[in-house]
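S.K.: Here you go, one structure.
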Amino acid sequence: MKLHIVSFQVPYPPTYGGIVDVFYKLKALKEAGCRITLHTYRYDTDKSETLEAIADEVFYYDRYTGIRSQLSSIPYTIYSRRNKTLLERLCTDNAPILFEGLHTCYFLNHPRLQNRIRIVRTHNVEHDYYEQLAKATPSRLKHWYYRIEAHKLKQYEHNLNRASGILCITPEDQAYFNSRYPAVPTLWLPCFFNNETLGIPHAQETKPYILYHGNLSVDENIRAALFILNRVLPRLTPETHVIFAGKSPAAILTEEIKKHPQAEIIADPSEKEMARLVAEARINLLLTFQRTGIKLKLIHALSGGNGHCLVNSPMLTDKSLRTLCHVADTPEALARQIKELMNRTPGKEELTNRANTLQQIYNNRSNALQLMQFIESFEKKRINREKTAVSYRTKTVCKLLSDTSTPSTNKD
């Protein structure tokens, strides 16, 4: 199979959810024998030799940023990616196209692509995601930008009616897109990630600390971390140790952590150090107030951790992971769970069940094959339509020839 993939950003290094999904999907498709032409937008990232070793061709594009793109009725995230060179390159053959996220769908309904297989990978219900960003940010300027963008995205979403199919990242998203666009086939395709050790139960040694990890400059994560510090931590015993680890900690978070002797911050840990922190934590505490998309850090904690995963309900956008986690929503309930879980580590049977469940759902190879089969199903439909059309035309011509060759019985 040959496939065009349009990525909203250079998917290397894979440092956050959407990019992680794109990068490891590329790798899995390549290993499954797919020939890939990658089209990607530069955004604070240079060209990548790693990507050029995976894809057969890689093309880089600049975004049209600035006030002109902001003023369009089309969402800024989409209109700023209106690169005509991309359209020309997509038209050089008839290979299927995979658009990564609604952000890349400016040309989805272009007349020159109307006979192509066009699949959209949705990473969120985007207008819901932007509404949640608006609620989370303390900046009034960002708040109104997110609100306006959410409105534009909601209006633009109807363009998915013209997609050949939609690949949803969670079962909840699949239910949404099924109800909104019933004529468009949808498939729940779990996210791709670095799962080389997936399915291997880990050792059970843990250390008596709680870990909250994530990008600590993101408003959503700052809000969750402050909630832990101010609402949960006061309900725990003084010896309970909580570590906050992640990229670029915001000043407000750093200052708040200084007020709590039980808390420690580890800024910008290396990938290796973060893996160690996740693996050794007695409890990976993962909270969010934004019920959108897949929570990739939960999958990382489940696949790489030896301890418990304690989450709140919005974290479980993928309900298939519920049996692998402990769930609590109020500060009181979270504190009770922490006190109980800190006194024991998961048993071997629990870790084995966790590994097996994740292996069944988040297997990159089997999910890549499933994606390719999904695309092939549209190719078969197209071929059948063409055969039917040819058969119809042949029958029509034969009938016309038959009619003209029949002798007339009109004596006049």
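The values are calculated or read from the model by the stated rules, or taken from the named source; none is laboratory data. Just so it is clear, the model here is predicted, and its values are computed rather than measured. Quick reminder, even Gly has a Cβ in these numbers, built from the backbone with ideal geometry, and neighbours come from all protein chains shown. With ligands, DNA and RNA removed, areas are computed over all heavy atoms of the protein, side chains included. Shrake-Rupley method; radii C 1.70, N 1.55, O 1.52, S 1.80 Å.
S.K.: Quick one: what Rg and Dmax do you get for the stretch 1-123 from the alpha carbons, in Å?
M.R.: Here Rg and the maximum Cα pair distance are 13.8, 43 Å.
S.K.: Here's something else I'd like to know. ³J(HN,Hα) across the stretch 161-170 via Karplus (A = 6.51, B = -1.76, C = 1.60, θ = phi - 60°), whole Hz, x for Gly/Pro?
M.R.: 4, 9, 6, 6, x, 10, 9, 9, 8, 9
S.K.: Would you compute, from DSSP H runs of 4+ residues alone, the mean residue ellipticity of the chain at 222 nm, taking -39500 (n - 2.57) per run and dividing by the full residue count, rounded to the nearest 500?
M.R.: -13500 deg cm²/dmol, from helical runs alone.
S.K.: About its Cα centre, how strong a charge dipole does the chain have in debye, to the nearest 20, once Lys and Arg get +1 and Asp and Glu get -1 at the Cβ?
M.R.: For the chain, the charge dipole is close to 1200 debye.
S.K.: If exposed means no more than 13 neighbouring beta carbons inside 10 Å and the site is in a DSSP loop, what's the longest run of the chain without any exposed GluC sites (Glu not before Pro)?
M.R.: Longest stretch, sites excluded: 1-195.
S.K.: Would you pull out the residues with amide H under 5 Å of Ile117's amide H, same chain only if 5 or more places away, H placed 1.01 Å from N?
M.R.: Here the answer is Ile97, since their amide H atoms fall under 5 Å of that of Ile117.
S.K.: Report Rg/Rh for the stretch 242-371, rounded to two decimals, where Rg is the Cα radius of gyration and Rh the Kirkwood radius.
M.R.: With Rg and the Kirkwood Rh in hand, the quotient comes to 0.98.
S.K.: Okay, next question. Provide Rg over Rh for the stretch 247-318; use the alpha carbon set for both Rg and the Kirkwood Rh (inverse mean inverse pair distance).
M.R.: Expressed as Rg/Rh, it is 0.98.
S.K.: For the chain, which span is the longest to avoid every loop-located (per DSSP) member of trypsin sites (Lys or Arg not before Pro) having at most 13 other Cβ atoms inside 10 Å?
M.R.: Between exposed loop sites, the widest span is 48-258.
S.K.: What is the Cα coordinate range of the chain on the first, second and third principal axes, sorted by size from largest, in whole angstrom?
M.R.: Sorted from largest, the Cα extents of the chain read 112, 52, 40 Å.
S.K.: Can you give the angle from 0 to 90° between the axis of helix 271-280 and the longest principal axis of the chain, with both taken from C-alpha atoms, to the nearest 10?
M.R.: 60 degrees
S.K.: Accessible area per residue for the stretch 227-300 in Å², computed with a 1.4 Å probe and the full protein assembly in place, what is it?
M.R.: Value returned for the stretch 227-300: 45 Å² of accessible area per residue.
S.K.: For Asn215, list long-range residues whose amide hydrogen, built 1.01 Å from N in the peptide plane, is under 5 Å from its own amide hydrogen.
M.R.: Residues meeting the criterion, in which the H sits 1.01 Å from N, are Lys247.
S.K.: Can I ask one more? Against the longest alpha carbon principal axis of the chain, how many degrees, from 0 to 90 and to the nearest 10, is the axis of helix 126-136 turned?
M.R.: On a 0 to 90 degree scale, this one is about 20.
S.K.: Next question. Skipping prolines and chain starts, which residues have an amide H placed within reach, meaning under 5 Å, of the one on Tyr61, given they are 5 or more residues away or on another chain?
M.R.: Thr40, Tyr41, Arg42
S.K.: Quick check: convex hull of the Cα atoms in the stretch 76-188, volume per residue, rounded to a whole Å³?
M.R.: Per-residue hull volume (Cα only) is 97 Å³.
S.K.: Leaving out ligands, DNA and RNA, what percent of the accessible area of the chain is carbon and sulfur, probe 1.4 Å?
M.R.: Carbon and sulfur: 52 percent of the exposed surface of the chain.
S.K.: Quick check: the distance between the Cα centres of the stretch 12-89 and the stretch 280-312, to the nearest angstrom?
M.R.: Comparing the Cα centres of the stretch 12-89 and the stretch 280-312, I get a distance of 28 Å.
S.K.: What is the Cα convex hull volume of the stretch 178-264 when expressed per residue in Å³?
M.R.: So the per-residue hull volume is 185 Å³.
S.K.: Angle, helix 171-180 long axis vs. longest principal axis of the chain, Cα atoms, 0 to 90°, nearest 10?
M.R.: Helix 171-180 sits at roughly 40 degrees to that axis.
S.K.: Spelling out what I want: for every residue of the stretch 105-110, take phi, set θ = phi - 60°, compute 6.51 cos²θ - 1.76 cosθ + 1.60 (Karplus), and round to whole Hz; glycine and proline get x.
M.R.: Coupling constants for the stretch 105-110: 9, 4, 9, 3, 9, 5 Hz.
S.K.: If you don't mind, there's one more thing I want to ask. Shape call for the stretch 136-281 from the C-alpha gyration tensor, a ≥ b ≥ c root eigenvalues: rounded (a/c under 1.5), prolate (a/b greater than b/c) or oblate?
M.R.: Judged from the Cα gyration tensor, the stretch 136-281 comes out oblate (a/c at least 1.5, b/c at or above a/b).
S.K.: Roughly what percent of Cα-Cα pairs across the stretch 29-91 reach past 21 Å?
M.R.: 36 percent
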